[in-house]
Ligand SMILES: C[S@@+](CC[C@H](N)C(=O)[O-])C[C@H]1O[C@@H](n2cnc3c(N)ncnc32)[C@H](O)[C@@H]1O
């Protein structure tokens, strides 16, 4: 499974950002910025963005943070990190190749852990998702913040149906057209409708050990930002 997902993202890396912006009509940029502004409340000097992809969230964080904060951008896909590295160099930002379920950091290292549009990818089943969230919890300092930006499920049934139909009709086809990869966007289209409504994801965060969990729904509930404290 892990190898399969790595392969999917290595195929998608080149056009990943463009396709995201097209499919969300640019809203993903606004949502990442919103989540980053939420995340900088964490304070402290060491922040981690997991499943960082092409580093968009990590870049926003490092710009908002200023020189004193060190931001680490971690992903298990070489090609995604290579795309991130092509961007303007920011001295307080570093990139590492790492599996998010086994992070190469000591317990209680970071003041902040963020993840954007990748929690779906660490959810082959609920047990593994909780194990990953526990891993994020492990590397946070006590009182550290966790911020999760992910697609969600609109609470109004008709909007949810329309959202799923939009995903079904556009993600595979447009993704394939723009990236040339059928499997990558077939997989992404599969992960969106099966992810949790916001309240259910909050209870999974609680199960993983987090406290003071809040969420904010975005654009009729198609995405959500969850925040939690260790
Ligand atoms: C949908 S992309 C999201 C990228 C970025 N966070 C964003 O906001 O666009 C998912 C990313 O998670 C990475 N990923 C998926 N599973 C992973 C795992 N188990 N460990 C580390 N990275 C993983 C993929 O390589 C990919 O770059």
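Please treat every number below as a calculation from the coordinates, not as lab data. This structure is a prediction, so every number in the text was calculated from the model and none was measured. Using ideal geometry, Cβ is built from the backbone for each residue, glycine included, and neighbour counts are taken over all protein chains shown.
Some notes on this structure:
- Inverse of mean 1/r across different Cα pairs in segment 107-230, Kirkwood, Å: 15.3
- From largest to smallest, the equivalent ellipsoid semi-axes obtained for segment 51-155 from the alpha-carbon gyration tensor read 22, 17, 14 Å.
- Cα gyration tensor, segment 46-102 - rounded (a/c under 1.5), prolate or oblate: oblate
- Estimated 222 nm signal from helices in the chain, with DSSP H stretches of n ≥ 4 weighted -39500 (n - 2.57), rounded to 500: -14500 deg cm²/dmol
- Built from the Cα atoms of segment 4-105, the convex hull projects on average onto 6.6 nm², one quarter of its surface area.
- All-pairs alpha carbon distance profile, the chain, 10 Å steps from 0, percent: 8, 35, 40, 16, 1
- Built from the Cα atoms of segment 168-230, the convex hull projects on average onto 5.3 nm², one quarter of its surface area.
- For 56, 199, the sequence from fewest to most other C-beta atoms within 10 Å is 199, 56.
- Separation of alpha-carbon centers, segment 142-177 and segment 9-71, rounded to whole Å: 17
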